[in-house]
């Protein structure tokens, strides 16, 4: 690969890093072609993109980022590294890794992630990241919490129509 080709890959990768708020770095060593294709299929179904890059290209692309300090992420760039990009959901890549691991053993190993420029390094953070709620899930929960009191009042009024009508008739009778 020539320097010009490497430069083009670094620029394209730097552009991907800048356009995606969430990315995960995994260990892609030991993957066969069939395993990589199966993992890519799971990633595609989760709405994320998986690509394998050389560590030096990943590091140089991260160094081009205007925001974010990725020094601790550079330490995990060894061996074969794959990058999972996600625009919308910070937990979709973690769920893709966990789903693949249920069907296959061990791979891919989680190295680190950047979620909204916050870094998570090490395998122990994968379960935490998988439990994160996406923006849409949080919005849905907030909407349902806001609707709950109004729904309770409406259901109470509708279920006790006869009781309210009976009270009104009783009070009407006393007033005469």
**Report entry** Of residues in segment 116-126 being in a helix (DSSP H, G or I) and free of Cβ contacts under 8 Å to residues at least 24 places away in the same chain, the one surrounded by the most Cβ atoms within 10 Å (Cβ to Cβ)
**Finding:** 125
Report summary line: Considering segment 90-107, residues that are part of a helix (DSSP H, G or I) and in contact with a strand residue (DSSP E or B) (Cβ under 8 Å, 6 or more places away or on another chain), and then whichever is nearest to residue 23 (Cα to Cα), we arrive at 93
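To keep it simple, each residue is scored yes or no on (1) at pLDDT below 85; (2) in the same structural domain as residue 40 (by TED's automatic domain parsing); (3) exposed (fewer than 11 other Cβ atoms within 10 Å of the Cβ); (4) part of a strand (DSSP E or B).
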residue: 114; (1), (2), (3), (4): no, yes, no, yes
residue: 141; (1), (2), (3), (4): yes, no, no, no
residue: 155; (1), (2), (3), (4): yes, no, yes, no
residue: 166; (1), (2), (3), (4): yes, no, no, no
Query - Checking residue 130 against (1) modelled with pLDDT of 85 or more; (2) closer than 15 Å to residue 24 by Cα; (3) surrounded by 11 or more Cβ atoms within 10 Å (Cβ to Cβ), the condition it does not meet - result: (1)
Requested in this report: Test residue 100 against the criterion of being over 30 Å from residue 3 (Cα atoms) and in contact with a helix residue (DSSP H, G or I) (Cβ under 6 Å, 6 or more places away or on another chain), and give yes or no.
Outcome: yes
Report task. Tally the residues that are surrounded by fewer than 13 Cβ atoms within 10 Å (Cβ to Cβ) and either more than 21 Å from the chain's Cα centre (by Cα) or closer than 15 Å to residue 118 by Cβ (or both), restricting the search to segment 65-103. Result -> 8
**Report entry** Residue match in segment 47-68 (condition: under 20 Å from residue 105 (Cβ atoms), touching a helix residue (DSSP H, G or I) at 6+ places or on another chain (Cβ under 6 Å) and in the same structural domain as residue 121 (by TED's automatic domain parsing))
**Finding:** yes
Query raised in the report: What about residue 6, is it in contact with a helix residue (DSSP H, G or I) (Cβ under 8 Å, 6 or more places away or on another chain) and more than 17 Å from residue 119 (Cβ to Cβ)?
Result: yes
Query - Selection within segment 22-35 - under 18 Å from residue 110 (Cα atoms) and surrounded by fewer than 17 Cβ atoms within 10 Å (Cβ to Cβ) - result: 29, 30, 32, 35
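The values are calculated or read from the model by the stated rules, or taken from the named source; none is laboratory data. Being a predicted model, the structure only gives us computed values, none of them experimental. So basically every Cβ, Gly included, is an ideal-geometry build from the backbone, and we count neighbours across all protein chains shown.
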